[in-house]
Amino acid sequence: MAIELECEEVNELEDEEGAIVAYEMICAPDDLPFIQSKLTALGYNVTVARAEKLPHRRVKLTQREDSEAVQKFTDLMRQNEEVKEIYDNVDRDDE
């Protein structure tokens, strides 16, 4: 079905026991409304449909100081009320 809807990627989302509980479909932002309406029309329950920015290439920071500096900067940015979302391409160990 993902091919018919022209999704770029489909990921299975699992619960703690490893059971598949949902699917994540990645598509072009312009295709999101079409895919959402098509899935709903086919009887699927769409729980979340949103556009996110995904990096093309992830970067693994090898120096602890670099990781700490990025985390500190991110924390400072989150404190600013005008900042709504933060996107980066840093590959963190906790993700």
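What follows draws every value from the coordinates through simple rules; no lab data is involved. All figures in this text were calculated on a predicted structure; none of them were measured in a lab.
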What percent do you get for the relative contact order of the chain when only Cα pairs under 8 Å and 6+ apart count?
19 percent
Go ahead and estimate [θ] at 222 nm for the chain from helices alone: -39,500 (n - 2.57) per DSSP H run with n ≥ 4, summed, over the residue count, rounded to 500.
-8500 deg cm²/dmol
Hey, what's the per residue convex hull volume over the C-alpha atoms of segment 1-52, in cubic angstrom?
87 Å³
Which one of GLN71, GLN79, GLN36 has the biggest mean-square fluctuation once the chain is modelled by GNM with Cα springs under 10 Å?
GLN79
To the nearest 10 degrees, how steeply does helix 64-79 sit against the main Cα axis of the chain, on a 0 to 90 scale?
70 degrees
Measuring from the longest principal axis of the C-alpha atoms of the chain, the long axis of helix 32-41 (C-alpha) lies at a number of degrees, nearest 10, equal to 40 degrees
Using only the alpha-carbon atoms of the chain, report the extent along each of the three principal axes, biggest first, to the nearest angstrom.
49, 35, 23
Report the number of Lys pairs in the chain whose alpha-carbons are under 23 Å apart, with separation of 8 or more residues or on distinct chains.
5
Residue of GLU52, GLU24, GLU65 that the Gaussian network model of the chain assigns the largest fluctuation, springs spanning Cα pairs under 10 Å:
GLU65
